[in-house]
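All of the numbers you see were taken from the coordinates with simple rules; none came from a lab. These figures come from a predicted structure and were not determined experimentally. Every residue, glycine as well, gets a Cβ built from its backbone with ideal geometry; the counts of neighbours run over all protein chains shown.
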Amino acid sequence: MYRLLRFLFFNLFVRFFVLVLLGLNVRHRQRLPARGPAILVANHNSHLDTMVLMTLLSPRLLPQVQPVAAMDYFLRNRLLAWFALKIVGILPLKRQRQEPGEDPLAPVHQALDQGRVLIFFPEGSRGEPEQLSDFKTGIARLAERHPAVPVIPVYLHGLGKALPKGEALFVPFFCDVFVGEALGWVADRKGYMTQLENAFRNLAAEGDFSTWEM
């Protein structure tokens, strides 16, 4: 039942909303994964980010796709928790350790071992429109543990204007999506984070956003 509801929600409502009402210019779509396991890593300015990323993938992958999301935010009440878990299909994650030695990324490791396609926002929470915040190192820990899993950077531009943080009113705004080459693991976490940050800078540079802050 929930699988059918999820399929109808994304393929009838979300795809129409994203592709018709929003409007996307997607560059390098061929770099998106055709199967799992894989991780899409994106900047985060809007609740629309997750919906856009999920519609970029093939509909047949939908049962495998899980956005990694903060447990304390999306499970804070029963209705939101039901929608987030059953319809969006989030993978809830604790932001902080509750016990010594606990690995907050354990559910992510398990999902990748099961062949899932995960959506990961290394900035953590949503930032200001069209501004990149510092990346947290959790993605480097994942890449180190799963070096064979492709990590694909995706730079999103314009979604923070269409539905910015703290706003409930959608504003039609043409948006750009830049899909990068899959990143490979390098010798250490610091080097990996440098590689990831450079990938996002290069993707952002592909657009002519001279009047925007990045």
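In segment 52-68, whose amide N lies under 13 Å from the spot 7 Å out along Cα-to-Cβ of Asn11? List them in ranges. What the label zone holds, given the 13 Å backbone N cut-off, is 58-64. The Cα center of segment 188-207 and the Cα center of segment 1-50 differ in position by 23 Å.
Let's test the formula: R0 of 30 Å, r as the Cβ-Cβ distance of Phe83 and Ala187. What FRET efficiency results, to the nearest 0.05? So the FRET efficiency works out to roughly 0.10. As a rough guide to protection, the peptides 145-153, 187-195 ranked by mean Cβ packing within 10 Å, highest first, stand as 145-153, 187-195. Within segment 1-69, the trypsin sites (Lys or Arg not before Pro) that combine a DSSP coil assignment with at most 15 other C-beta atoms in a 10 angstrom radius are Arg35.
Residue by residue, segment 8-14 carries 3J(HN,Hα) couplings of 5, 4, 6, 8, 9, 8, 5 Hz when phi is fed to the Karplus relation 6.51 cos²θ - 1.76 cosθ + 1.60 (θ = phi - 60°); x denotes Gly or Pro. Residue order for Trp82, Trp185, fewest other beta carbons within 10 angstrom first, comes to Trp82, Trp185.
Taking Lys and Arg as +1 and Asp and Glu as -1, the other residues whose beta-carbon sits under 9 Å from that of Val177 total +1.
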